[in-house]
Each structure stands twice: as C-alpha cells, then as structure tokens.
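Visitor: The structure's right below; bear with me while I get my questions together.
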C-alpha cells in the first residue's frame, strides 16, 4: 500500500499524533492557583510583643487575665516588610496554647499609639523603629564615669517629643560628681528628674512613676541602665558591664529590646529595656513636633512669619520679640532657652555638625 494512495485511511494511520487529543498532566501537588486575597483571621487573638530573638517573637496573650500566657510566634509572609517591635499589639493565629515546642503566627498589628524611632545618623532618612506604644521615656545618664553628654540627652528629648512620649530623667552615680551643673542645662523643661547614688537607687520613687505606664529606658552604655532595670524588676537578669578606663566608654551589655513587667501592690507597669547607644540619629524627626511640646510658646509662635526657625538669630520671631518686650516671665524665658537649644540641635543636624 502506497502512502500516496488516496484510499488509505490516514486518520487511523496518524491518530496517535493528533495534538487535539493531548492529555493534560495532573497537578502533582494538588494546590490551588495563587491569589492576592488574604484570610480575614477573624479568630485572631491580640497580644503584647515582649521581645524578638532571631526571627521568633515572644507574645503575651490574655494580659492580666486568668489565662495569661507567653507564646512563641513567627511572622506571616504578608508581614515580611512590616517591622514588628517590642510593644506592638499583634494579632496571632495558630497554636496559641503556649505549650513548649508550639509555634503561632503573627498575621497583623493593631494601630500604634506611639512609635519611638531613630536613624543610623542624621543624614539617613531610613528610620529604625525602637519600640511601639510607649507613653514614657526614662533617660538614664551618669553624673560621672562616663561623663554626661548634654547633647545626646537633647537628642533623646527631641525623639521623645517627636513621638509624643513624656520624658523622664535619671542621673546615676551622683556620689561621684555633683549633677547640678549638668541639670542646669535642662532647667526650663517640664522634666521630672530622679537622682541616684551608686548603692542607693530611689527604686520606690522611680517605680511609682512607672505604674500604669509603658516606659522605655534609654541611655549611653555604662551609665547603669541595666543595673536600674534589675533593681526595679529583680527577675530581669539583665547583664551589667563596666566603663573602659582608657576610652571612658561603657561596654554594650543589653543586646536586645525587651519588655518586663514592673509589679507592686500599688499597681503594675511595663519597663522596656533597650541596648545602650552612643549616637541617636534624628533624620526622621519633624521639627514642628518639638515646638508643639512647648504649649504656651507655640501659641505665641503662631504670630511668627512662615518658615521661622525660632532660633536666637531668627528675624521677626514673635518669641524673641516677646522676650525683648519683657512679656515672658522667668519660667517662660527658661523654657524658651530650652526650646531654642533643642531646635539648634536639630538645625546642627541638618547642617552636619553636632557638638557635644
């Protein structure tokens, strides 16, 4: 039989090569096509993030309730670009029993009431989130060993005012040096100050200020911050260090940010310990937030020309003119000086200079 024979049944001859009858290979994983729709996770539990360690988050559920427990969680894939920090109120699903070896998942965050941030340096616009939902900042400095740095404290104050957080100040090691000259630098601020000797810390007085608040502790390395945290929360076990006698700098001891519960018969609060830092970048700060913290001065400043810096050499500044006319009392003049010093710190940052 010739292949050119028109009587040949070609359909039967080449049936195995007909592409119209090709079979579709089954899905070996039996999975569904990807979708951008995410589950609502309406059954998620809400908990406080206490700390993070190598991609694992400790979260407290049912805080203050009969079923209070701390669980270990990981981050959901959809949150891979969202910073999750100590103090966040996280929405958690999965195994939330807290049994050893179980792992739940953070699938969302509640809106934050406050956010304390810093940048790597003043030219870096990328913010580093330190803690969420704190309402107080306790700045810890030493009267000596190491020497106090007023401009670093100014930076802490600027960051606190930018975040809407109330600042407090503790001066440790007052048995080594008189803190009065240092504290004079902050005379015009609405700033509560505690002083502490090396072996006599006002734990009860400071603790009273912590009740009902979430307080983030910040300070230069070696000033006694971890020692103070251990005195307030004996179970904390935070590592303490010493000051290098050659460089005059403290050694970093706290390597992570962690929330610790402060408990007394009078009430409870949260102590948030952070690693010691030697610099605090302000690349993210809005300078208008600094003025807003000085309520009575902000009202006078409404008469300033647009773009007024409110610095000592600012032309036509309503604040300076009010001071020159004698309309400001001694307390207001002191606060104006503090305001201008903080604004000068921010101005120096913008111009790339920052004296200690």
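The values are calculated or read from the model by the stated rules, or taken from the named source; none is laboratory data. It should be emphasised that the depicted structure is a prediction, and the values quoted were computed from it without experimental measurement. Virtual Cβ from ideal backbone geometry, glycine too; neighbours counted across all protein chains shown.
Visitor: Name, by its number, the condition in (1) in a strand (DSSP E or B); (2) in contact with a strand residue (DSSP E or B) (Cβ under 6 Å, 6 or more places away or on another chain) that does not hold for residue 96.
Guide: (1)
Visitor: State whether one or more residues within segment 331-350 are exposed (fewer than 10 other Cβ atoms within 10 Å of the Cβ) and at negative phi.
Guide: The first filter runs over segment 331-350 and keeps only residues exposed (fewer than 10 other Cβ atoms within 10 Å of the Cβ), leaving none.
There is no residue in segment 331-350 that is exposed (fewer than 10 other Cβ atoms within 10 Å of the Cβ) and at negative phi.
Visitor: Let me ask something else about it. For the condition at positive phi and either modelled with pLDDT of 85 or more or assigned to a loop (DSSP other than H, G, I, E, B) (or both), what is the one hit in 64, 47? Steps first, answer last, please.
Guide: On the way: 47 fails: at positive phi.
Result of the check over 64, 47: 64.
Visitor: Is segment 144-160 home to any residue that is over 20 Å from residue 288 (Cα atoms), over 14 Å from the mean Cα position of the chain (by Cα), without any contact (Cβ under 8 Å) to a residue 40 or more places away in the chain and outside the structural domain of residue 81 (by TED's automatic domain parsing)?
Guide: yes
Visitor: Across segment 287-300, which residue is surrounded by the most Cβ atoms within 10 Å (Cβ to Cβ) among those that are assigned to a loop (DSSP other than H, G, I, E, B) and at pLDDT 80 or above?
Guide: Here is the first cut: in segment 287-300, the residues assigned to a loop (DSSP other than H, G, I, E, B) are 287, 293-294.
So of that shortlist, the ones also at pLDDT 80 or above come out as 293-294.
On the way: 293: 20, 294: 23.
Out of the qualifying residues, it is 294.
Visitor: Within segment 125-141, restricting attention to residues that are over 18 Å from residue 168 (Cα atoms) and in contact with a strand residue (DSSP E or B) (Cβ under 6 Å, 6 or more places away or on another chain), which residue is modelled with the lowest pLDDT?
Guide: The initial filter retains those residues of segment 125-141 that are over 18 Å from residue 168 (Cα atoms), namely 125-129.
Among the residues that remain, those that are also in contact with a strand residue (DSSP E or B) (Cβ under 6 Å, 6 or more places away or on another chain) are: 127-129.
Working: 127: 70, 128: 81, 129: 85.
Among those residues, the one meeting the criterion is 127.
Visitor: Shifting gears a bit: Which of the residues spanning segment 198-236 are assigned to a loop (DSSP other than H, G, I, E, B) and touching a helix residue (DSSP H, G or I) at 6+ places or on another chain (Cβ under 7 Å)? Working first, answer last.
Guide: Start the filter on segment 198-236 by keeping residues that are assigned to a loop (DSSP other than H, G, I, E, B), which leaves 198-202, 211-213, 220-224, 233-236.
Of everything in segment 198-236, those that are assigned to a loop (DSSP other than H, G, I, E, B) and touching a helix residue (DSSP H, G or I) at 6+ places or on another chain (Cβ under 7 Å) turn out to be 201, 220, 236.
Visitor: Can you tell me which residue among 191, 210, 228, 183 is closer than 20 Å to residue 342 by Cβ and either buried (at least 18 other Cβ atoms within 10 Å of the Cβ) or free of Cβ contacts under 8 Å to residues at least 24 places away in the same chain (or both)? Break it down into steps so the answer makes sense when it comes.
Guide: Details: 191 fails: either buried (at least 18 other Cβ atoms within 10 Å of the Cβ) or free of Cβ contacts under 8 Å to residues at least 24 places away in the same chain (or both); 210 fails: closer than 20 Å to residue 342 by Cβ; 228 fails: closer than 20 Å to residue 342 by Cβ.
When all the criteria are applied, what remains is 183.
So that you can scan it fast, the table gives a plain yes or no per residue for (1) more than 30 Å from residue 58 (Cβ to Cβ); (2) at pLDDT 85 or above; (3) out of contact with any helix residue (DSSP H, G or I) (no Cβ under 6 Å at 6 or more places or on another chain):
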site: 243; (1), (2), (3): yes, no, yes
site: 270; (1), (2), (3): no, yes, yes
site: 279; (1), (2), (3): no, no, yes
site: 331; (1), (2), (3): yes, no, yes
site: 353; (1), (2), (3): yes, no, yes
